[in-house]
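Worksheet: the structure to be examined is printed underneath.
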Amino acid sequence: MATKHTLDQIRKDIEKHVGKNVVLRANKGRKKMIVRRGILENTYPSIFVVKIDDSNCTRVSYSYSDVLTSTVKLQICTKENMSVS
């Protein structure tokens, strides 16, 4: 069972990458996966916010428990893995 310590560790790991480019893979149910690129904009005690790279100014937020349950997967972009696959 996940503990508060586990969620705090996930939050600390995500906080290290604020301002970096990320690839966000979100499971929306019924075999629907959404893949988006963006910038990890900010972290809060219960959620983190990603600013999506598209023409309008879109922001999405997810909880750390979404990362824990693998509903959301966050991949930090480096120069080697800049393409979305």
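Roughly how tilted is helix 4-15, in degrees to the nearest 10 and between 0 and 90, from the longest Cα axis of the chain? Taking Cα atoms only, the helix is inclined about 30 degrees. Over the chain, dividing the summed -39,500 (n - 2.57) contributions of all DSSP H runs of at least 4 residues by the number of residues returns a 222 nm mean residue ellipticity of -5500 deg cm²/dmol. Sorting the segments 14-23, 30-39 by their residues' average number of neighbouring beta-carbon atoms within 10 angstrom, most packed first, yields 14-23, 30-39. Rounded to the nearest 20 debye, the dipole magnitude of the stretch 23-76 is 340 debye, with +1 charges on Lys and Arg beta carbons, -1 on Asp and Glu beta carbons, and the Cα centre as origin.
Counting only aspartates and glutamates at least 8 places from Lys4 when in the same chain, those with an alpha carbon closer than 15 Å to its own are Asp13, Asp66. Binning the alpha carbon pair distances of the chain at 5 angstrom intervals from zero yields the distribution 3, 14, 26, 25, 19, 10, 3, 0, 0, expressed in whole percent. Under a 5 Å amide H cut-off, with hydrogens placed 1.01 Å from N, Cys77 pairs with Asn21, Val22, Val23 among residues at least 5 apart or on other chains.
Its relative contact order, with pairs defined as Cα atoms under 8 Å and 6+ residues apart, puts the stretch 1-81 at 29 percent.
Rule-based calculations on the coordinates, nothing more; no lab input. Keep in mind that what you see is a predicted model, and the values were worked out from it rather than measured. A quick note on method: Cβ atoms are made from the backbone with ideal geometry, for glycine too, and the neighbour counts reach across all protein chains shown.
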